[in-house]
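Have a look at the structure below before the remarks.
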Amino acid sequence: MLQVYLPVAEISVNLLVMLGLGAAIGFLSGMFGVGGGFLLTPLLIFSGIPPAIAVATGANQIVASSVSGALAQWRRGNIDFRMGLVLSIGGVAGAFAGVLLVGLLNRLGHADVFISLVYVIFLGVIGSLMLVESLRAMWRRHAGKPAMTRKPREHTWIHGLPFKMRFQRSRLYISALPPLIIGVIVGLLASVLGAGGGFIIVPAMIYLLRMPTHIVIGTSLFQIIFVTAVTTVLYATMERSLDVVLAILLMIGGVIGGQFGANAGQKLKGEQLRLLLAIIVLAVAARLLIGLLVPPSDLYSLAPVVMGP
Amino acid sequence: MMRQALAFLFATLVLSPGLCAAEERQRPEQVQSDISMREISIQSNFTGVKIVLFGSIDFSKAPSPDEAPYDVIMVVRGPEIPLVVRRKERIAGLWMNGESKTFSEVPAFYAVLASRPFRAIASEETLKPLGIGFTNLDFSKTTDAGDGFRASLIRLQQQRRLFQESDDAIGFIGRSLFRGSVDLPVNVPIGRYITQVYLFRHGKLLSQSQSSLQVHKVGFERVVYMLAYRHPLTYGLLAVLMAMSAGLLAWTYFRRE
């Protein structure tokens, strides 16, 4: 029984459980090449960490994993800094709104349900899409049909917008508004979910902005650093809900797990990985949904009165 | 003059024990008490602590240890904090918090120990003004009781081991010594605690004694807590800096190039 006292959460947790949780998320993110924040926050909530703390601490942990990820991508020249900066400006604005929203709901006592509900919707949608896509890809491979190719570039309504900017690395000349708006939406969601938001921004960059795929991962990681860093500071100052002791435990576990995960990921095919991830994502969503639908064993709950900043 | 003074001194010295013994039988009982620890430090390995409250009855009139006519009640109280009790309701199929009530002055920790069931020791009229027993606590002046919120507050605090009532938790040793122990759980709130010891005989309060103890965080826990609450911006920036260095470290150590 290695109990560790979390000074801000004011609860005692098992050292091995938290290290293991960090390692499990690190393993998954190394294996699937995702940030893992969208699984970390629900798992922290399941293990009894108050949602407001889980979200803030999750954001802090993702700063670490996105820095090491972004550095690796930067060495390969896969970051469009200009695009990353535009996305970050929107992202920071969105994060600010998200933290304010969570703070307001926390004072009203609705933060738990709200965070769970947003998670159920997002994990449900993304998990289902991934499940369908991976099954279809497996079926295609089985039938011997060629894999889907990307659609050629075409002019869309996005190209008619003002404030055009040249994004050299992405080989794009588009308005700054779409990346800015995408940044705001992702920042808002990331701060509410305590995740990086890679699972939203990557598809948005590929399908809406039509950025080259090899630039997308690095640029999204670069943007995630800013959004999660700002989210962490905002939660620390406005909600006092950041627990660094918990964050340290998760980071240590994450670094270890990440190394094993990357090796394990290389042994599986892309669509197998996506199918596995889809199943995990849907299972977490189902577990959260059950928590919302099943009558609670105790109708009453107790909370400290949260003072404003 | 000198001789007179010496004689007086002699008389005082020789006669005083007898005089005091006679006086002792008449003087009212006084209770004295103290706590085994005046300070409790919360560190990362803190898993709760047991404190011992002990005391003695001066001028005890008990003829023998078995026939002590006294009852002792001890109350340990933490600092008062505001708490909100919420009740979940089913709204659009989802269970979410509905009605809530805020109690402005709830003791963050509250324990009653007694030498026998305390409601048998004294009447409700005696216990109420002393705030002995959960039902005699005044959580705030404004809240209207009657619904389940007050009862749930007590029940939930009991579940968290922050409210305790234990009868028969105080034992007498000899004619005038007594002791009782309280478990402070891992989630014990920080702040100044007051312990009160009440001495009763036949339902009448004879004497009371008060002491205090301080629960605080020390070492790394204290630094983190102080930073988080007093300098949150520095704390947030340091947390980000730490995460960035961890990421940098992981990258330099594990990169495969």
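The values are calculated or read from the model by the stated rules, or taken from the named source; none is laboratory data. Please read these numbers as outputs of a predicted model, since none were measured by experiment. All Cβ positions, glycine included, derive from the backbone under ideal geometry; neighbour counts span all protein chains shown.
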task = Give region A:222-249 a look and list any residue that's more than 10 Å from chain B (Cβ to nearest Cβ) and either buried (at least 24 other Cβ atoms within 10 Å of the Cβ) or among the polar types (S, T, N, Q) (or both), or say none.
result = A:Phe222, A:Gln223, A:Ile224, A:Val227, A:Leu246, A:Leu249
task = Select from region B:45-87 the residues that are within 14 Å of another protein chain (Cβ to nearest Cβ), buried (at least 18 other Cβ atoms within 10 Å of the Cβ) and outside any strand (DSSP E or B) and write down the one among them that is modelled with the highest pLDDT.
result = B:Gly78
task = Of the numbered conditions (1) of a type in the set (A, V, I, L, M, F, W, C); (2) at pLDDT below 90; (3) closer than 30 Å to B:Ala120 by Cβ, B:Leu199 fails exactly one; give the number of that condition.
result = (2)
ask   = When region B:191-236 is examined, which residues are found to be at the interface with another protein chain (Cβ under 9 Å from one of its Cβ atoms) and either touching a Phe, Trp or Tyr at 6+ places or on another chain (Cβ under 7 Å) or not in a helix (DSSP H, G or I) (or both)?
value = B:Lys217, B:Glu221, B:Leu227, B:Ala228
remark   = If we keep only residues of region B:107-130 that are part of a loop (DSSP other than H, G, I, E, B) and out of contact with any Lys or Arg (no Cβ under 8 Å at 6 or more places or on another chain), then the residue farthest from B:Gly191 (Cα to Cα) is B:Ser123
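Which one of B:Arg155, B:Arg160 is within 14 Å of chain A (Cβ to nearest Cβ), without any contact (Cβ under 8 Å) to a residue 12 or more places away in the chain, touching a strand residue (DSSP E or B) at 6+ places or on another chain (Cβ under 9 Å) and over 30 Å from B:Pro69 (Cβ atoms)?
B:Arg155 is the lone residue from the list that is within 14 Å of chain A (Cβ to nearest Cβ), without any contact (Cβ under 8 Å) to a residue 12 or more places away in the chain, touching a strand residue (DSSP E or B) at 6+ places or on another chain (Cβ under 9 Å) and over 30 Å from B:Pro69 (Cβ atoms).
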key: Qualifying residue in region A:7-23 (condition: in contact with a helix residue (DSSP H, G or I) (Cβ under 8 Å, 6 or more places away or on another chain) and hydroxyl-bearing (Ser, Thr, Tyr))   = no
request  = Kindly provide the set of residues from region B:129-175 that are at pLDDT below 90, surrounded by 15 or more Cβ atoms within 10 Å (Cβ to Cβ) and basic (Lys, Arg), ordered by number.
outcome  = B:Arg150, B:Arg175
remark   = Over region A:110-120, the set of residues surrounded by fewer than 20 Cβ atoms within 10 Å (Cβ to Cβ) and within 12 Å of another protein chain (Cβ to nearest Cβ) is A:His110, A:Val113, A:Phe114, A:Leu117
request  = Give just the number: which of (1) at pLDDT below 90; (2) within 14 Å of chain B (Cβ to nearest Cβ) does A:Ala56 not satisfy?
outcome  = (1)
ask   = If you scan region A:39-53, which residues turn out to be within 12 Å of chain B (Cβ to nearest Cβ) and hydroxyl-bearing (Ser, Thr, Tyr)?
value = none
request  = Determine, yes or no, whether A:Ala70 is within 14 Å of the chain's Cα centre (by Cα) and closer than 20 Å to A:Gly196 by Cβ.
outcome  = no
remark   = Contact list, first residue from region A:62-89 and more than 9 Å from chain B (Cβ to nearest Cβ), second anywhere and crowded, with 24+ Cβ neighbours inside 10 Å and polar (S, T, N, Q), beta-carbon distance below 6 Å, six or more apart or interchain, is A:Ile79/A:Thr219; A:Asp80/A:Thr219; A:Met83/A:Thr219; A:Gly84/A:Thr219; A:Gly84/A:Gln223; A:Leu87/A:Gln223; A:Ser88/A:Gln223
query = Would you call A:Gln223 among the polar types (S, T, N, Q) and free of Cβ contacts under 8 Å to residues at least 60 places away in the same chain?
reply = no
ask   = Of the residues that make up region B:36-57, is at least one over 20 Å from B:Asp167 (Cα atoms) and aromatic (Phe, Trp, Tyr)?
value = yes
task = Considering only region A:10-23, state which residues are more than 10 Å from chain B (Cβ to nearest Cβ), more than 15 Å from the chain's Cα centre (by Cα) and surrounded by 19 or more Cβ atoms within 10 Å (Cβ to Cβ).
result = A:Val13, A:Met18, A:Leu19, A:Leu21, A:Ala23
key: Condition broken by A:Lys267, with the remaining ones in (1) modelled with pLDDT under 90; (2) in a helix (DSSP H, G or I) satisfied   = (2)
ask   = In this structure, does A:Thr232 turn out to be touching a Ser or Thr at 6+ places or on another chain (Cβ under 8 Å) and among the β-branched types (Val, Ile, Thr)?
value = no
request  = Tell me, yes or no, whether region B:201-210 has at least one residue that is of a type in the set (Lys, Arg), closer than 30 Å to A:Val244 by Cβ and in contact with an Asp or Glu (Cβ under 8 Å, 6 or more places away or on another chain).
outcome  = no
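Does A:Gly26 satisfy being in contact (Cβ under 8 Å) with a residue 60 or more places away in the chain, under 14 Å from the mean Cα position of the chain (by Cα) and not in a helix (DSSP H, G or I)? Outline the logic, then answer.
Working: in contact (Cβ under 8 Å) with a residue 60 or more places away in the chain: yes; under 14 Å from the mean Cα position of the chain (by Cα): yes; not in a helix (DSSP H, G or I): no.
Spelling it out, it is not the case that A:Gly26 is in contact (Cβ under 8 Å) with a residue 60 or more places away in the chain, under 14 Å from the mean Cα position of the chain (by Cα) and not in a helix (DSSP H, G or I).
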key: Residues satisfying the stated conditions in region A:90-133, i.e. touching a strand residue (DSSP E or B) at 6+ places or on another chain (Cβ under 9 Å) and without any contact (Cβ under 8 Å) to a residue 60 or more places away in the chain   = A:Leu108, A:His110
ask   = Which of the residues belonging to region B:89-106 are more than 13 Å from A:Ala303 (Cα to Cα), in a strand (DSSP E or B) and more than 7 Å from chain A (Cβ to nearest Cβ)?
value = B:Glu89, B:Arg90, B:Ile91, B:Gly98, B:Glu99, B:Glu105
request  = Tell me which of these A:Ser191 doesn't satisfy, since it passes every other one: (1) in a helix (DSSP H, G or I); (2) at pLDDT below 80.
outcome  = (2)
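Taking only region B:196-242 into account, find how many residues are within 16 Å of B:Leu127 (Cα to Cα) and surrounded by 14 or more Cβ atoms within 10 Å (Cβ to Cβ).
Adding up the residues that qualify gives 11.
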